[in-house]
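Have a look at the structure below before the remarks.
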Amino acid sequence: MIRAQRETARKSVKPTNQPSAAHHAGPERPVRKVFDAVRDKQPFEAEIHPSLLTEEMVLEVDAFSLYYGAAQALWEISMGIPKGKVTALIGPSGCGKSTLLRSVNRMNDLIDSVRIGGTMRLNGDSIYAAGVDVIELRKRIGMVFQKPNPFPMSIFENVVYSLRIDGERKKSVLEEVCEASLRGAGLWEEAKDRLHESALRLSGGQQQRLCIARAIAAEPEVLLLDEPCSALDPIATGRIEDLIEELKGSYSILMVTHNMQQASRTSDYTAFMYLGRLVEYGPTEDVFVQPRLAETEDYVTGRFG
Ligand SMILES: Nc1ncnc2c1ncn2[C@@H]1O[C@H](COP(=O)(O)OP(=O)(O)OP(=O)(O)O)[C@@H](O)[C@H]1O
Ligand SMILES: [Mg+2]
């Protein structure tokens, strides 16, 4: 979108959404115009909190759009994902969270009908430029899905999978990476005596930690987690949340969650999406406690969605 259009859009939407307005109850409560603009497919600029501007970004998304055939699923999303931090993506079902996550490692390339616009950069390197080696790119971006998907092989072979693909044969290197990754994923103590058993024999929560170990063994620059706990019980969920906390700093994590407590417990930044748009993005505490937009407040307090 050209700048003039953005300015017009900003002017048309902003006056009803001044900072702190979200806290006003009663008659001065702002009219909720953001969702109308989104639903009417009007130009719209996300509310990005200024503290994000001070962060160094591992991933930059710039006016990124995505269409499944004729249906537009992402609308000019522009956002940076800070290095060494956890960023949560929240929003109602179908708003495009998984689509955005899958776009980062070009998993959507596998779908014939998909067209994209805009750009994404990983540590400055264009993700969608012609000639990008997608296999190499996916080594730089780890992904863990909602449902644990260990490969039908041993625990050990699951963890060292990316090294095997790279042709690493040295047993000492493989063992070292296996232990470090399982320790990193909080699974070492439970798995160390059964490394050569099938990974499929692990419990769901253990399998999910194994998938995280497999992802971090490749030392990715970004780790994408798409609702990593939704198939897990509260204890396994707690372990994954602790793990995310521990990985913070060493890894840059972009995580989709439907669980508001989880987003507020584990993430540094939270991005709220609605109908394929980025609506508000800022430090998690601000987004949850004093969001700038009334619409964000409605969502995080469970008034809709
Ligand atoms: N492979 C596909 N082909 C066509 N449309 C798709 C495809 N995948 C997703 N969509 C559509 O794109 C939109 C966004 O879907 P997406 O899965 O990204 O949402 P989501 O925010 O992850 O939802 P949820 O919270 O339910 O996981 C939806 O309207 C969905 O129907
Ligand atoms: Mg999803």
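A short reminder: the numbers here are calculations on the coordinates, not readings from a lab. Keep in mind it's a predicted model, so treat the numbers as computed, not measured. A quick note on method: Cβ atoms are made from the backbone with ideal geometry, for glycine too, and the neighbour counts reach across all protein chains shown.
Entry note, the chain: relative contact order of 27 percent, from Cα contacts under 8 Å with a spacing of 6+ residues.
What ranking do Thr266, Thr237 get, fewest neighbouring Cβ atoms within 10 angstrom at the top? Write out the running numbers ahead of the final one.
Numbers: Thr266 23, Thr237 18.
Lowest count first: Thr237, Thr266.
Computed from the C-beta positions of Asp109 and Asp298, the FRET efficiency with R₀ = 41 Å rounds to 0.70. If you wrap the Cα atoms of the stretch 20-160 in a convex hull and average its projected area over all directions, you get 12.0 nm². Over the chain, the ratio between the Cα radius of gyration and 2.2 N^0.38 Å evaluates to 1.05. In a reduced charge model with +1 at each Lys and Arg Cβ and -1 at each Asp and Glu Cβ, the chain shows a dipole moment near 620 debye about its Cα centre. With the helix formula -39500 (n - 2.57) applied to DSSP H stretches of n ≥ 4, the chain reaches a computed 222 nm mean residue ellipticity of -9500 deg cm²/dmol.
Straightening the chain between Ala63 and Lys192 buys 41.9 nm, computed as 0.36 nm per residue apart minus the Cα-Cα spacing. For the stretch 201-305, just say rounded, prolate or oblate: build the C-alpha gyration tensor, square-root its eigenvalues into a ≥ b ≥ c, call rounded for a/c under 1.5, and beyond that prolate if a/b exceeds b/c, oblate if not. Cα axes put the stretch 201-305 in the prolate bin. With a Förster radius of 41 Å applied to the C-beta separation of Glu246 and Arg39, the computed FRET efficiency comes to 0.50. A dipole drawn for the stretch 45-300 from +1 and -1 charges on Cβ atoms has a positive end, and of Thr270, Ala71, Gly84 the residue lying farthest that way is Ala71. Listed from fewest to most Cβ neighbours within 10 Å, the set Glu295, Glu76, Glu60, Glu189 follows the order Glu189, Glu60, Glu76, Glu295.
Going from the fewest other Cβ atoms within 10 Å to the most, the residues Met153, Met255 appear in the order Met153, Met255. The long axis of helix 3-13 is offset from the longest Cα principal axis of the chain by roughly 70 degrees. Angle of helix 171-184 to the longest C-alpha principal axis of the chain, folded into 0 to 90 degrees and rounded to 10: 40°.
Amide H to amide H, with H built 1.01 Å from N, Leu59 comes under 5 Å of Ile81, Asn123, counting only residues 5 or more places away or on other chains.
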